[in-house]
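Okay, structure first, notes after.
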Amino acid sequence: MSTVGNSTNIFWQESPIGKLERQKLLNQKGCVVWITGLSGSGKSTLACSLSRELCTRGKLSYILDGDNLRHGLNKDLGFKAEDRTENIRRVGEVAHLFADAGLICIASLISPYRKDRDACRAMLPDSSFIEASLLLNGSYPDYVVST
Ligand SMILES: Nc1ncnc2c1ncn2[C@@H]1O[C@H](COP(=O)(O)OS(=O)(=O)O)[C@@H](OP(=O)(O)O)[C@H]1O
Ligand SMILES: Nc1ncnc2c1ncn2[C@@H]1O[C@H](COP(=O)(O)OP(=O)(O)O)[C@@H](O)[C@H]1O
């Protein structure tokens, strides 16, 4: 018996192709690069540069940009703390799926609350979630990267 919410009849369906097989096919390791920082700190610019650089090295990536996702998946959310938390939760779930598919998923969101980012980190193995914090130090962004 499986219980999800109020339902007792929702069961996990295994796929015939596993993550390792997909990664082998793509010749890369699926992971999430999570870029966090204030509005205007350079998140989208870094996400685009990274995606372009990975492409030139033959690696497949996909950008989940907060601005773009608020046009569709998250169009019902505003900017109250609980809406931002739900925004990050949804994007974390999608990023997890992309990483499981074998892609290098670059998530670029303000994501101001550490607890929300840590909840996304907890969905993946330790080395598969790389966080880059953009700090505005003087006129130019500084990057702090942690795994
Ligand atoms: N308070 C408020 N009011 C109006 N608009 C706002 C606000 N906060 C953010 N923004 C704009 O929304 C863009 C995406 O925000 P995020 O989804 O990354 O925010 S969050 O992670 O949920 O905190 C964000 O994009 P960036 O400027 O690229 O960060 C802003 O354009
Ligand atoms: N390393 C950098 N040095 C100088 N300007 C930058 C740098 N990165 C981004 N910018 C500029 O800062 C502005 C905000 O960048 P953007 O990537 O849109 O930030 P965010 O996605 O965090 O809102 C843009 O005009 C961009 O060209």
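The values are calculated or read from the model by the stated rules, or taken from the named source; none is laboratory data. Because the structure is predicted, anything quoted here is derived from the model rather than measured. Note that we place each Cβ from the backbone using ideal geometry, even for glycine, and neighbour counts take in every protein chain shown. The protein model used for the area step is the full one, side chains on, heavy atoms only, and it has no ligands, DNA or RNA in it. Shrake-Rupley method; radii C 1.70, N 1.55, O 1.52, S 1.80 Å.
How large, in percent, is the carbon and sulfur part of the accessible surface of segment 19-146 at a probe radius of 1.4 Å?
The value for segment 19-146 is 58 percent carbon and sulfur by accessible area.
Would you mind telling me which residue in 114, 52, 89 has the biggest mean-square fluctuation in a Gaussian network model of the chain, where springs connect alpha carbons within a distance under 10 angstrom?
Taking springs between Cα atoms under 10 Å, the residue moving most is 114.
Go ahead and estimate [θ] at 222 nm for the chain from helices alone: -39,500 (n - 2.57) per DSSP H run with n ≥ 4, summed, over the residue count, rounded to 500.
For the chain, the value works out to -11500 deg cm²/dmol.
How much solvent-accessible surface does residue 127 expose, in Å² to the nearest 10, with a 1.4 Å probe and all protein chains in place?
Looks like 80 Å² after rounding.
Please list, ordered by chain and number, the residues whose modelled amide H lies under 5 Å from the amide H of residue 107; skip anything fewer than 5 residues away on the same chain.
Amide H to amide H, under 5 Å and 5 or more residues apart or across chains, residue 107 pairs with 33, 34, 35, 64.
Tell me the accessible surface of residue 11 in square angstrom (1.4 angstrom probe, heavy atoms of protein chains only), to the nearest ten.
My reading of the accessible area for residue 11 is about 120 Å².
If the chain between residue 48 and residue 21 were fully stretched, how many nm would it gain, using 0.36 nm times the residue separation less the Cα-Cα distance?
The span from residue 48 to residue 21 would gain 7.0 nm if fully extended.
Tell me, how many Å apart are the Cα centres for segment 4-38 and for segment 53-106?
About 14 Å separates the Cα centre of segment 4-38 from the one of segment 53-106.
Mind checking the full-extension length gain between residue 13 and residue 97? Use 0.36 nm per residue of separation minus the Cα-Cα distance, one decimal, nm.
Taking 0.36 nm per residue and subtracting the Cα distance, the gain is 28.8 nm.
Round to the nearest 10 and report in Å² the accessible area of residue 71, as given by a 1.4 Å probe over the protein chains' heavy atoms.
Roughly 140 Å² of residue 71 is accessible to a 1.4 Å probe.
Let's test the formula: R0 of 30 Å, r as the Cβ-Cβ distance of residue 80 and residue 3. What FRET efficiency results, to the nearest 0.05?
Between residue 80 and residue 3 the formula returns 0.50.
Please compute the per residue accessible area over the chain with all protein chains in place, 1.4 Å probe, rounded to a whole number of Å².
That works out to 63 Å² for each residue.
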